[in-house]
Amino acid sequence: MLPCELYLVTKPDFDPARELDALAKVLARWKPAALRLSTTDETRARHCVSAIRQTVQSHGTALILTDLPALAQELGCDGVHLTSNPSRCLTAREELGRDLQLGVSCGTSRDDAMNAGELGADYIAIAPNATDLVTWWSQMMELPVIAEDIETAEQALAMIKANADFLSIPLSFVDADEAGAVLAAIVSRAAEEYPG
């Protein structure tokens with residue numbers, strides 16, 4: 001059992017017509033804390049949410065949109081993830097309301113992370129090569145930190161050792177077995193060191 005939670009991210013070409021069945025199987029098997037739709041196109045996001053929201057939320061997984069706070073509120077999603085510019089937190093929070101989650105990508109910038117926290121973010125996301133920042137943040141701040149774009153077992157283990165709260169993993173859901181194998185490969189070494 002990992003000492004952090006999984007935060008899955010769809011690929012830009014995610015197609016619920018082809019991927020919903022596999023997505024449901026992955027959610028049931030891996031129980032991620034959140035699933036983020038990576039598309040920032042409003043029409044495409046609206047279509048995807050309509051197709052998957054019930055399935056995602058019925059598994060206890062939060063459904064997060066990317067850069068579309070007003071749409072997240074309108075469609076009954078659980079939050080939004082801003083991919084840049086922490087100063088957008090203020091307007092995003094107004095559109096989201098107080099109850100939905102607000103996350104912000106901060107790359108490798110300590111200043112951006114601190115600004116995001118001060119402006120009302122519920123979590124910050126840090127680039128996979130910034131383990132020192134994750135370690136510092138986890139020691140100094142209470143706000144959860146997500147290790148973003150984790151694609152290898154080495155990145156996952158390094159971020160777990162740095163005390164990341166979540167691992168954000170981009171994933172295709174075309175085939176449930178293949179998606180599961182990708183996840184297993186990424187978290188396998190960490191699971192061995194943290195057997196729970």
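Readers should treat all values here as calculations from the given coordinates under stated rules, not as data from a laboratory. Quick caveat: nothing in here was measured; it's all calculated off a predicted structure. Reconstructed Cβ throughout: ideal geometry from the backbone, glycine too, with neighbour counts over all protein chains shown.
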Alpha carbons only, please: Rg and Dmax for the stretch 51-132, in angstrom. 13.1, 39
Distance in Å, no decimals, from the C-alpha centre of the stretch 133-196 to the one of the stretch 32-87 is 21 Å
For the chain, just list the percent of Cα-Cα distances falling in each 10 Å bin from zero outward, please. 10, 38, 37, 15, 0
Could you work out [θ]222 nm for the chain from helices alone, using -39500 (n - 2.57) per DSSP H run of at least four and dividing by all its residues? Round to the nearest 500 deg cm²/dmol. -14500 deg cm²/dmol
Before anything else, pin down the relative contact order of the chain: Cα pairs under 8 Å, at least 6 apart, normalised by residue count, whole percent. 23 percent
Across the stretch 3-118, what fraction of all alpha-carbon pairs, as a whole percent, falls in each successive 5 Å bin from zero upward? 2, 12, 23, 23, 20, 12, 7, 2, 0
Tell me whether the stretch 88-184 comes out rounded, prolate or oblate; compute the Cα gyration tensor, take square roots of the eigenvalues as a ≥ b ≥ c, and use a/c under 1.5 as the rounded threshold. oblate
Using a simple charge model, +1 on the beta-carbon of Lys and Arg, -1 on the beta-carbon of Asp and Glu, nothing else, what dipole does the stretch 1-70 show about its Cα centre, in debye to the nearest 20? 220 debye
R0 of 25 Å, Cβ-Cβ distance R189-T91: FRET efficiency to nearest 0.05: 0.05
Positive minus negative residues near S172 (Lys, Arg vs Asp, Glu; Cβ under 11 Å): -3
So which trypsin sites (Lys or Arg not before Pro) in the stretch 96-162 pass both tests, a DSSP loop state and at most 12 other Cβ atoms within 10 Å of the Cβ? R98
Förster radius 30 Å - calculated FRET efficiency between E178 and A70 (Cβ-Cβ, nearest 0.05): 0.30
Residues of the stretch 153-196 with backbone nitrogen within less than 20 Å of a virtual label 7 Å along the Cα-to-Cβ line of D21, please, listed as ranges. 172-182
